[in-house]
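Remarks on the structure that follows.
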Amino acid sequence: MVQFSVYARTTRNNDDAKKYAKYIKGILPPKGSIRMLTITDRQYDSMEILLGDKYAEENYLDKRDIIEL
């Protein structure tokens, strides 16, 4: 196990992802272990559920769901 919790955020494109990464780097706590991984929509879509069922909250996002900084 690499971590105990995972947080995800969608962005419109790679430039927006870089802006958000810069924002996150500016609010890091003084201690801890934090990692960031950027993946494409296609890579995320290819994720397989190995155990359990898909939750109803796991809907596919469209442009109305994306939050901008």
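Observations
- Look at the stretch 13-36: where a residue is touching a residue at least 24 places away in the same chain (Cβ under 8 Å) and a partner is among the basic types (Lys, Arg), sitting 6+ places away or on another chain with Cβ atoms under 9 Å, you get TYR20/ARG9.
- Every residue from the stretch 36-69 that is open to solvent by 100 Å² or more (accessible area, probe 1.4 Å) and either at pLDDT below 65 or among the charged types (D, E, K, R) (or both): ASP41, ARG42, GLU48, ASP53, GLU57, TYR60, LYS63, ARG64, ILE67, GLU68, LEU69
The values are calculated or read from the model by the stated rules, or taken from the named source; none is laboratory data. Model, not experiment: these values are computed from the prediction. Using ideal geometry, Cβ is built from the backbone for each residue, glycine included, and neighbour counts are taken over all protein chains shown. Calculation scope for accessible area: heavy atoms of the full protein, side chains included, ligands and nucleic acids excluded. Shrake-Rupley method; radii C 1.70, N 1.55, O 1.52, S 1.80 Å.
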